[in-house]
1. Under a 1.4 angstrom probe, counting protein chains only, how are 644, 79 ranked by accessible area, largest first?
2. By average Cβ neighbour count within 10 Å, what is the ranking of 256-265, 298-307 from highest down?
3. For the chain, take the longest principal axis of its alpha carbons; what is the angle in degrees between that and the long axis of helix 352-362, to the nearest 10 within 0 to 90?
4. Per residue, how many Å² of accessible area does the stretch 161-229 show with a 1.4 Å probe?
5. If I stretch the segment between residue 765 and residue 563 completely, what's the gain in nm (0.36 nm per residue apart, minus their alpha carbon distance), one decimal?
6. Along the charge dipole of the stretch 269-381, pointing to its positive end and built from +1/-1 on Cβ of Lys, Arg, Asp and Glu, which listed residue (272, 304, 358) has its Cα farthest out?
7. Run the simple label-point estimate for residue 237 and residue 813 please: 7 Å along Cα→C-beta, distance reported in nm.
8. On the principal axes of its Cα set, how long, how wide and how thick is the stretch 359-426? Give whole Å, largest value first.
Amino acid sequence: MNASYNWLRALVPFDLSPEELREVITAHTATVDELVPLREDLKDVVVGRVVEAAPHPNSDHLWVTKVDAGTGELLDVVCGAPNVRAGHTYPFAPTGSTLPGGLKLEKRKIRGAISNGMLCSARELGLGEDHSGILELDTDAAPGTPFLEAMPVGDTRLVIDVTPNRPDLLSHLGLAREIAAVTEEDFALPAISGGETVAVPEPAWGERSARANGVPVELVDAEGCPRYMGVVIRGVRIGPSPNWIVERLLAVGSRPINNIVDATNYLLHELGQPMHAFDLSKLAGPAVSIRRAARGETITTLDGVVRTLDPAMTVIADAKRAQAVAGVMGGQESEVTEQTTDIFLEVAAFTPANVRRTRRQLGLSTDASYRFERGIDVHALSQALERAVRLIIAVAGGTVDGTPVDLGRRPLDRTVVPLRIERVTQLLGELIPMVEVTRLLESVGFSVQAAAGDLLVVTAPGWRPDVHIEADLIEEVARLKGYDFFPDELRPFRAGSVPDSPDALLARRVREALVGEGLLETRPMPFVAGSEDGYVRVANPLAENEAYLRRSLLETLARRAEYNFSHMQRDVRLFEVGAVFAPADGALPREELHAAALITGHRRPPHWTEPTPPDVDAWDAKGLGETLAHAAFPTAKVETRPACGDVLWDIVIDGEARGAVRQLSVDSPIWAAPVFGIELRLDVVVSAVIAAPGTARYVSSAERSAEAGHHLRYRPLPVTPSAEFDLALLVPVDMPAERVENVMRQGGGELLERLVLFDEYRGEHVPEGFRSLAWRLTFRHPERTLRDKEIAGRREKLLRTLEGELGVRQRTS
């Protein structure tokens, strides 16, 4: 679904930028896949400030100006506009840029004066017809700011992924309703200038047939068309549509044709209701019949293709032949052209399954079929017909001739669903008051009435055919309230007296201790290469090269270290709490809970006072092993005893050897540091209790996490390579490095992964009052390898930003 930002603002007076609107819609309604700026032809234009303006020495109407375009130097620009003034800002197109219409600017000499670009008028930017003077800007944006960022010009297209159960979102009206509910603003269809006073008679209803001012309309295929409405409009004048209709159609990717066709397409995107206009003079009879196609019947559709129809297809026919494929596309023989004066306007509801089958057989997909396949609001056809008549008469003239017709079954009653507040709380895990539930549902068109106790009786609107049961309404409450409102931890529905598992409490203490030491938790699969000797084989392994269960956590952590080395990551600090397995006499293997940690690389992060920290050594590993043991067994006596071979120390708990500190042998490059591992066998321990005088209770891990404010976050290790470069900058001695870093982080964007200050220099080649600070910047894209051109562009952008905002330049010597 393509939606126009400006079109939505015409329905709801929200104060959100396109980016903010994207977040609102995605969080509460449907995913916005893309924002597409529609004035990309202005991407080269920037904000320019005229610093000096003087008459051209060789001309009586030209001006020679000096323009600050954010490049760090003033540009000479010749301008012929009489309104240019020093100190004011204007749109500026520098040399090499391309203006709307394809004009590419080059450096030119005009009557002896060099011009490095152009100060632009509204007409030159495609923003109006005024070209008597350059366009003066009312903005505080700094020189060099892209014009599209500084000024609210052009529209933005929102590409929205609408799920099949929400046909109401295939219209600007449906999206506006959702936006209004979240922002708590009012929404309404804008008035049609010139159409408000048009009187549309009450339709004449007939179950199978009626007459629209002498034109007989017959509904033969009631199964394929539950409801059909039509009206005759005479005296229309075919021509181009007003600019506001053209702009909105272009904004959603639709091609303007003429005022009648554009009006029907406009309402398709505004209301989500497809409609079609026939040239009445080309309908044989004239008559309209909604029937099944005859065997072998053909039609030339509007795309010029002759199509053979099937008897299962519903068509709109005149007295002789099919003139449209119902719900898919009209026919070429009755299309509206420049010679059309009278039209028959169709507004109908077609059975979704029939439209889908017809569209597939013909291999023809249209905006209309897309909406009919998902279902339209049968209850809203009358309002759609009335608005269509008023819009057509407003843009093409004409008058309604006779009474509209309304054929088919009367719309069924809307769905009524009971809703219990107790059930809302049960499913969502949070108590939402009845008043709030009522407000949320009514904000998107549901009718809510209170019944006995905490029961609500909710009537779904006609545009929500997906709501059938109580859970559907609770889902509405959740998304409208906002999913961020609900807790992200798993909660039991009923409070219980069973304490947390001792194993879980033990593992939690270990995790908190190792995270506090700066390690990251990993949870790999417990499968290794192994062998038949001493390993447990999996009966149905995922892969034959890892067909055994591990005997040690360090086996899998070592593979994680090798994976990091292969991605040029030297500093690795990982841990895991998990199960290991060994053969046993019985049918099942012996399983134990272990904790293990692996460290290699620098002992601490680089700092400008210590650009190359020392690497971790065996004593660091020994200290980490003692920390792990004390966390796991806080009341036990912990010892580390020297060992031999690759085992450096045994970890002894109350006299029993439970683990070891060892140097690991891994497949590592020459630049890698030694790798050390610690592994400890964990036992079940007694759960901790908090005792008050005369009372005692178990404290759950969830309670402790909440009290301590701990939130564990998991993210996968990066799989794409990073790109690094260094920047040495001349910074005033009284400017904190933090201020420079803040600008760099903001300018670096979301791909800036790491920023490290590693050097300070004062001395030769550094100007008085300055110091040289050097940073290392690491960029990484989560899905692909960054190109050299991208990195160079980001480097140049950062340097321009630093100089523009702080006056900080790159050190060149």
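The values are calculated or read from the model by the stated rules, or taken from the named source; none is laboratory data. In this text, all values refer to a predicted model and were calculated from it rather than measured experimentally. Cβ atoms come from the backbone with ideal geometry, glycine included; neighbour counts cover every protein chain shown. Only protein heavy atoms, including side chains, enter the accessible area calculation; ligands, DNA and RNA are left aside. Shrake-Rupley method; radii C 1.70, N 1.55, O 1.52, S 1.80 Å.
1. I get 644, 79, largest accessible area first.
2. Put in order of decreasing packing, that is 256-265, 298-307.
3. Tilt relative to the chain: about 90 degrees.
4. For the stretch 161-229, the per-residue accessible area is 46 Å².
5. 68.4 nm
6. Working it through, the farthest residue towards the positive pole turns out to be 358.
7. So the label points at residue 237 and residue 813 sit 7.6 nm apart.
8. Computed over the Cα atoms, the extents are 58, 35, 26 Å.
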